[in-house]
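A short worksheet on the structure shown next.
The values are calculated or read from the model by the stated rules, or taken from the named source; none is laboratory data. Computed from a predicted model, the values in this text were never measured in an experiment. Quick reminder, even Gly has a Cβ in these numbers, built from the backbone with ideal geometry, and neighbours come from all protein chains shown. With ligands, DNA and RNA removed, areas are computed over all heavy atoms of the protein, side chains included. Shrake-Rupley method; radii C 1.70, N 1.55, O 1.52, S 1.80 Å.
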Amino acid sequence: MTTQITVRLDDGLVEALDSLVAAGRARSRASVVEDALERHLRRELAARDVALLTGDASGAHDLDALASWAGRQPLPSID
């Protein structure tokens, strides 16, 4: 299932998105935004893991929703 959302982006970012799509380096604007968001969420999860493993959970936020999302992601194929 997907949900359509509306976001406002700087004109320069939209031009960069369009350049990626025009060059065939991305399927669509949405795919670039989705990839960037997933990468950001993985970094957030990794930062939380580091905080938990090092015992410095003072700056950790409640990321239960992110952990739930990460748990639903498919594992890469080993083929």
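Quick look at the numbers
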{"item": "Residue pairs meeting the criteria (Cβ under 6 Å; at least 6 apart or on separate chains; first free of Cβ contacts under 8 Å to residues at least 60 places away in the same chain, in the range 65-79; second open to solvent by less than 100 Å² (accessible area, probe 1.4 Å))", "result": "66/41; 66/45; 70/45"}
{"item": "Every residue from the range 18-35 that is part of a helix (DSSP H, G or I) and surrounded by 12 or more Cβ atoms within 10 Å (Cβ to Cβ)", "result": "18, 20, 21, 29, 30, 31, 32, 33, 34, 35"}
{"item": "Those residues of the range 1-17 which are open to solvent by 60 Å² or more (accessible area, probe 1.4 Å) and assigned to a helix (DSSP H, G or I), in sequence order", "result": "11, 13, 15"}
